[in-house]
Amino acid sequence: MDQNRTWWKNALIYQIYPLSFKDSNGDGIGDIPGIISELDYIKDLGVDVIWLSPIYLSPMADNGYDISDYYKINPMFGTLSDVKYLLKEAHKRGLRIIMDLVVNHTSDQHVWFKKARESRDNPYRDYYVWRDQPSDITSVFSGPAWTYDEKTKQYYFHLFATQQPDLNWDNPKLRHEIYQMINYWLDLGIDGFRLDVIDLIGKSIDDKRLSDGPFLNERLQELKETCFQGRDIMTVGEMPGISIRRAKEITDEKNGFLNMTFQFAHVGLDEIPGQGKWALKKLNVKQLKQTFAQTQNEFKNGGWNSLFWSNHDQPRAVSRYGNDLKPYRKKSAQMLFTVLYGMKGTPFVYQGEEVGMTGIKSSDISSYKDIETINMYNDAIKQGKKIPEIMKSIYAKGRDNSRTPFQWNDTTNAGFGSGKTWLDVNPNYAYLNSVEDRADPKGVFPYVKKFFNLRKNLPVFEKGNFKLFLPDDSYLFAYTRSDDSDTILVVGNFDKKQHIYDLSKFQDYTPLLCNSSPIDFTKKTKIPGYFAGVFKRK
Ligand code: TEU
Ligand code: CA
């Protein structure tokens, strides 16, 4: 953390899910050489930083978020020299690389856990959390968060899968092993980390304070002092359970610990509050706008936030908030880009979003691979739920939606690789693919590229204050951003139909970028379905 280095505020981050980006050797699994072969593509979009989902050694129960050796690269992705070569090739192009850091838990195949479960007095026992009696805490991936271990007759704690035992952050020995590992990767030349569920490392399990627990600040402080301070890196903490106010404290430039966090308020709006992610509710655009406005307000002075629609856990944005039917897909994807990334914060784009990739629907549960989805399905069947109802939730929210192989072109396997892919390719690759999209002047990629170029060169996007216009309207997301020198207006129509508004107060604004013919600002401005535009005050 260094107050003089704030390049990450105006950087574009691109998330790669290595399993599904590009397969270089035909084994059906994406890999590091595959990533290297597409660095120019990534650079062409205007990307500054690549975030790699985990590539460490892992039995892949949770696709790499279950690490069995923090120092080794999973051979399915490549070797350490591939990683070094990736860093070199990326840096040569002015691209930085951040890695995923998963330290709330390890894999149950990690040598620490294997030793820990040998006996109660094993030196590694205290690297994990053991109790004689389980509490009623449940796992994020269904079932109890405690699993009985026959050999030593105690329960171990796992907030995620049974194969992902939680590390015991109360143990200073464990903490220092982790810091050593972090410094190893930073010394190797990586440019920072995305920290997986890092809001959980301050937890106090016995009084059920999990996210944002009593020890979070002191642990983040220790992490900062031991690993991050004085390095020219960026850090983004995934903090699903934290309040906006706390996110602001944690990212305070002076006294904070991380550059930014991922906030999840906006991604929970299509679920029934308190019933978890699978209980579906229709999205209310007004609520979505107001949620963003609240976050923008909170970060008005101090702290820093990230902007994202989607990632490897969240379904595809265009299928979720836009419209993935053919006549609307590209326009609505452009609209979503415009309204989200016009706001204040660091933009994160998830692979495939830039060409408007969509979610999947398969009525056959065996075509799904995600542990969260499969566990939920089995659980729901046991509870007597009807299959069509379960599948409806999976279509809407299942994590495999965003994990299907990248659609490069219209050849075999969408050009992802020659072998049978680990997860089925979305059959729409015949018409939805990167080559097709980039060749289309009305494509998502060409628009997004222009948009990010504009964003980067107009300082008001980085610093300008946010003001929501027409907060009670259910279709139009419109706001201004203003600083001392400029004011811009960002407009997006979330509906497929045209709507009419009195926009006469914006008469002195001129278009900078629109996804269809620019609109006129009159008392009766017609805004076409999925229109998006950025305007600037003359
Ligand atoms: O996700 C943490 C997290 O909050 C998930 O529980 C998320 O809510 C869920 O995936 C939504 O369906 C991180 C990683 O991003 C995820 O891929 C991992 O499975 C999880 O941590 C465990 O490491
Ligand atoms: Ca491969």
- Query: How about segment 208-228: which of its residues are open to solvent by 10 Å² or more (accessible area, probe 1.4 Å), in contact (Cβ under 8 Å) with a residue 40 or more places away in the chain and within 24 Å of residue 348 (Cβ to Cβ)?
  - Reply: 224
- Note on the structure: Restricting segment 54-89 to residues that are touching a helix residue (DSSP H, G or I) at 6+ places or on another chain (Cβ under 6 Å) and closer than 30 Å to residue 446 by Cβ, the one farthest from ligand 1 (Cβ to nearest atom) turns out to be 89
- Task: Would you tally the residues in segment 150-169 being farther than 24 Å from residue 63 by Cα and in contact with a strand residue (DSSP E or B) (Cβ under 9 Å, 6 or more places away or on another chain)?
- Result: 3
- Query: Would you call residue 101 away from ligand 2 (no atom under 16 Å from the Cβ), touching a strand residue (DSSP E or B) at 6+ places or on another chain (Cβ under 7 Å) and under 18 Å from residue 198 (Cα atoms)?
  - Reply: yes
- Those residues of segment 354-371 that are out of contact with any helix residue (DSSP H, G or I) (no Cβ under 6 Å at 6 or more places or on another chain) and acidic (Asp, Glu) come to a total of 1
- Message: Looking at 320, 316 in this structure, which one is within 16 Å of the chain's Cα centre (by Cα), open to solvent by 10 Å² or more (accessible area, probe 1.4 Å), touching a residue at least 40 places away in the same chain (Cβ under 8 Å) and within 15 Å of ligand 1 (Cβ to nearest atom)?
- Response: 320
- Query: Quick one: which of 226, 261 is within 16 Å of ligand 1 (Cβ to nearest atom), under 23 Å from residue 98 (Cα atoms) and at pLDDT 95 or above?
  - Reply: 261
- With 73, 42, 55, 35 as the choices, which residue is within 30 Å of residue 342 (Cα to Cα) and away from ligand 2 (no atom under 11 Å from the Cβ)? 42
- Message: Among the residues of segment 252-260, are any within 16 Å of the chain's Cα centre (by Cα), more than 16 Å from ligand 2 (Cβ to nearest atom) and touching a residue at least 12 places away in the same chain (Cβ under 8 Å)?
- Response: yes
- Tell me, which strands (runs of 3 or more DSSP E) wholly within segment 449-538 include 2 or more residues that are open to solvent by less than 60 Å² (accessible area, probe 1.4 Å) and touching a residue at least 40 places away in the same chain (Cβ under 8 Å)? 465-469, 476-482, 487-493, 532-537
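The values are calculated or read from the model by the stated rules, or taken from the named source; none is laboratory data. Quick caveat: nothing in here was measured; it's all calculated off a predicted structure. Cβ coordinates were reconstructed from backbone atoms using ideal geometry, including for glycine residues, and neighbour counts include every protein chain displayed. Quick note on the areas: whole protein, heavy atoms, side chains included, nothing else; ligands and nucleic acids left out. Shrake-Rupley method; radii C 1.70, N 1.55, O 1.52, S 1.80 Å.
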